[in-house]
Amino acid sequence: MSDVESKSNFIWDAIDADIAAGKVKDKVITRFPPEPNAYLHIGHAKAIYIDFETARRYGGYTNLRMDDTNPLKEEQEYIDGIQEDVHWLGYQWENLTYASDVFDTMYELAEEMIKKDLAYVDDLSAEEIREYRGTLTEPGKESPFRTRTPEENMDLFRRMRDGEFKDGEKVLRAKIDMTSGNINMRDPVMYRIQHADHYRQGGKWCIYPMYDWAHGLEDSFEGVTHSLCTLEFEDHRPLYDWFLQQLPVHKPRQIEFSRLQITRTLLSKRFYIRLMKDQLISGWDDPRVPTIRGLRRRGYTPEAIKAFVEMIGISKSHSIIDSGMLEYCLREDLNRRSLRRMAVLKPVKLTITNYPEDQVEWFEGENNPEDPDGGSRKIPFCRDLYIEDEDFMIDPPKKFFRLGPGREIRLKHAYYVTCTDYTVGADGKVTEIFCTYDPDSRGGWSEDGRKVRGTSHWVSARHAVDAEVRNYSDLFKVEKPWENTEDFAAIMNENSLEVLEGVKIEPELAASAAGSVNGSIEGIFQFLRQGYYTVDLDSTPEKPVFNRTVGLKDSWAKEQKKG
RNA sequence: UGGGACGUCGCCAAGUGGUAAGGCACCGGGUUUUGGUCCCGGCAUGCGCAGGUUCGAAUCCUGCCGUCCCAGCCA
């Protein structure tokens with residue numbers, strides 16, 4: 001039994017009960033039903049995980065369904081993008097279906113409803129319908145058109161379909177109960193008139209079904225046994241059941257779970273579209289936005305995202321997950337697979353005064369200490385090096401384990417070096433460091449067993465390649481950006497992207513980055529002590545570009561913060 | 001007296017009458033050629049509150065309190 005199979009949650013308990021009660025005749029069938037009006041974000045990843053893993057748990061299958069009942073919003077571009085993203089997450093659907101493919105059957109069943117006097121054509125305007133609906137605390141009242149005969153309704157409905165009326169002139173409504181405490185049951189609209197071309201059906205229809213009428217039928221037609229959705233549809237379940245109850249069709253069961261919320265993160269397609277319009281982000285794959293493709297470009301792996309969804313669990317409580325959990329899942333995954341490379345983000349020159357001027361040595365460095373089969377790469381070493389600016393202090397405190405005057409550290413994979421001197425520029429900044437090396441410490445070991453606490457990464461100045469690092473801010477840094485647009489825009493403009501030019505990287509990193517442009521899994525690296533990076537879309541072999549994915553824990557930085 | 005849901009550690013989350021799993025975060029310690037990883041230890045006498053039933057309650061009953069969702073011809 002895998003983890004997924006052994007764990008449980010209230011949804012699987014309910015399905016177990018259904019199976020025990022003999023309610024599931026054949027396979028457990030689920031569906032993931034996005035409306036193709038945007039790209040998917042990490043909130044959808046939770047739904048995808050639940051839909052697909054549930055079906056898999058019971059040996060059933062999942063359909064991918066485009067819930068395209070609104071011709072004003074949907075586009076082919078999104079259909080393609082959604083499929084790519086679901087695939088990227090590692091899931092394969094049984095059938096790709098479209099709500100719009102069953103418009104005919106839905107229409108016929110609507111006529112059935114009219115015959116049974118369970119639906120009527122209403123002439124009230126949108127505003128009047130709203131008034132007649134009542135309020136949360138007051139019951140609604142019945143439309144004067146509610147008593148039309150089935151014959152009259154049938155005639156009117158067919159004329160609606162045939163395009164005789166203008167948008168908004170008439171709607172088809174279910175005849176239920178205008179006094180229900182559940183507002184969804186107060187004669188919900190089933191069809192509205194919309195003289196608009198559908199991206200798939202063209203001009204075939206001018207009436208389009210509403211969600212509540214369409215969704216249960218779509219589930220039913222596909223033989224879905226369990227229709228899993230988010231909490232805001234709880235109120236719709238009585239209506240979902242009511243529609244299906246009136247017709248001789250298969251009856252799926254709707255079960256709701258809480259939707260994903262993450263601290264400091266806004267999961268809203270509407271908001272992403274506005275950010276794009278304001279040119280605060282570059283598109284759906286901008287690394288700052290938590291869309292599936294944004295996360296992918298940022299360096300997130302499908303495995304990390306799925307591990308995250310599994311970790312947070314499935315429940316009905318309104319929870320807001322700490323974004324640290326997502327980052328933890330990424331670090332855990334990347335630690336196993338990322339290639340370790342040396343890079344110097346803010347270089348300071350380091351010269352080894354007792355190393356032969358023209359000598360070059362090639363050291364061997366393992367690709368990943370977590371993976372014994374991960375192989376290794378060659379690293380050039382010479383007299384002229386760069387180390388990280390923050391790895392040297394003129395007057396280091398006791399707990400600083402890195403380089404300082406008179407101190408000895410290990411250059412990873414190379415030699416022990418001791419600082420003998422340094423120069424300072426006019427601004428007080430260290431401009432160059434001078435060291436001597438211990439020839440007996442080749443490879444970073446010494447025979448005498450002397451302890452060297454610090455290990456720094458470095459890069460050969462003669463072999464290093466220049467690169468660029470883009471450090472994107474963590475998703476969103478403001479709590480409620482939609483409430484204060486100016487502040488948000490300012491924050492996005494000023495702080496959301498830090499670009500480091502002149503980063504020095506080891507030749508092997510440049511080589512492997514050049515071979516993995518497009519942010520593929522293979523393009524993920526860990527720059528020692530600096531965190532995880534992924535190759536950016538803008539990267540070229542001549543100028544490698546990396547996106548900062550997630551930082552490492554840094555106990556020295558934490559200690560400094562404490563004071 | 002509108003309807004529907006939810007309240008277990010800072011954040012998630014198991015638990016379904018037998019005496020509070022686990023993860024993230026945090027705090028100690030060990031290993032370490034990444035101040036990473038890994039390993040060990042600590043972290044709810046209490047489950048929104050108040051009563052009640054019971055030998056025994058987070059789990060059952062009653063009454064409160066708090067939070068979220070619903071008044072699109074969106075999904």
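The values are calculated or read from the model by the stated rules, or taken from the named source; none is laboratory data. No experiment lies behind these values; they were computed from the predicted model shown. Here Cβ is always computed from backbone atoms with ideal geometry, including for glycine, and neighbour counts include all displayed protein chains. Each accessible area value is taken on the protein alone, full model and side chains, heavy atoms only, with ligands, DNA and RNA left out. Shrake-Rupley method; radii C 1.70, N 1.55, O 1.52, S 1.80 Å.
Rounded to the nearest 20, the size of the Cβ-charge dipole of the stretch A:81-208 about its Cα centre is 220 debye, with Lys and Arg at +1 and Asp and Glu at -1.
Over chain A, the hull volume per residue, using the convex hull of the C-alpha atoms, is 190 Å³.
A probe of 1.4 angstrom, applied to the heavy atoms of all protein chains, finds A:Ile524 with accessible area near 10 square angstrom.
When all alpha-carbon pairs of the stretch A:47-121 are counted, what percent fall beyond 20 Å?
Within the stretch A:47-121, distances greater than 20 Å cover 49 percent of Cα pairs.
Split the accessible area of the stretch A:329-402 by element, probe 1.4 Å, and carbon with sulfur accounts for 46%.
Show A:His215, A:His44, A:His250 ordered by accessible area, largest first, where the area counts protein heavy atoms only and the probe is 1.4 Å. Please list the in-between numbers first.
Values: A:His215 10, A:His44 40, A:His250 75 Å².
Sorted descending by solvent-accessible area, the residues read A:His250, A:His44, A:His215.
Each of the peptides A:140-150, A:50-60 was scored by the mean count of other Cβ atoms within 10 Å over its residues; in descending order, highest first, they stand as A:50-60, A:140-150. Legend: residues A:Leu136, A:Leu537, sorted from most to least accessible area (1.4 Å probe; ligands, DNA and RNA excluded), read A:Leu136, A:Leu537. Electrostatic tally near A:Thr135: other residues with Cβ closer than 13 Å to its Cβ, Lys and Arg +1, Asp and Glu -1, net +2. Ranked from largest to smallest solvent-accessible area, with a 1.4 Å probe on the protein heavy atoms, A:Trp88, A:Trp205 come out as A:Trp88, A:Trp205. Using the rule -39500 (n - 2.57) for each DSSP H run of four or more residues, divided by the residues of chain A, the 222 nm mean residue ellipticity is -8500 deg cm²/dmol.
Counting other Cβ atoms within 10 Å of each Cβ, which trypsin sites (Lys or Arg not before Pro) in the stretch A:294-333 have at most 15 and sit in a DSSP loop? Intermediate results must be reported in sequence, preceding the final value.
Numbers: sites: A:Arg296, A:Arg297, A:Arg298, A:Lys306, A:Lys316, A:Arg331; in loops: A:Lys316.
The qualifying sites are A:Lys316.
Each listed q (0.18, 0.26, 0.29 Å⁻¹) maps to a log10 I(q)/I(0) for the stretch A:2-68 from the Debye sum over equal C-alpha point scatterers, namely -0.73, -1.19, -1.32. Two decimals is fine: what is log10 I(q)/I(0) at q = 0.11, 0.14 Å⁻¹ for the stretch A:248-337, from a Debye sum with one equal scatterer on every Cα and no solvent? The calculated log intensity ratios at q = 0.11, 0.14 Å⁻¹ are -0.41, -0.62.
Could you rank the peptides A:387-394, A:339-346 by their average count of other C-beta atoms within 10 Å per residue, with the highest value first?
Numbers: A:387-394: 18.4, A:339-346: 22.9.
Per-residue mean Cβ counts within 10 Å order the peptides as A:339-346, A:387-394.
All Cα-Cα separations within the stretch A:302-438 were binned at 5 Å from zero, giving a P(r) of 2, 8, 14, 15, 13, 11, 10, 9, 7, 5, 3, 2, 1, 0, each value a whole percent of the pairs.
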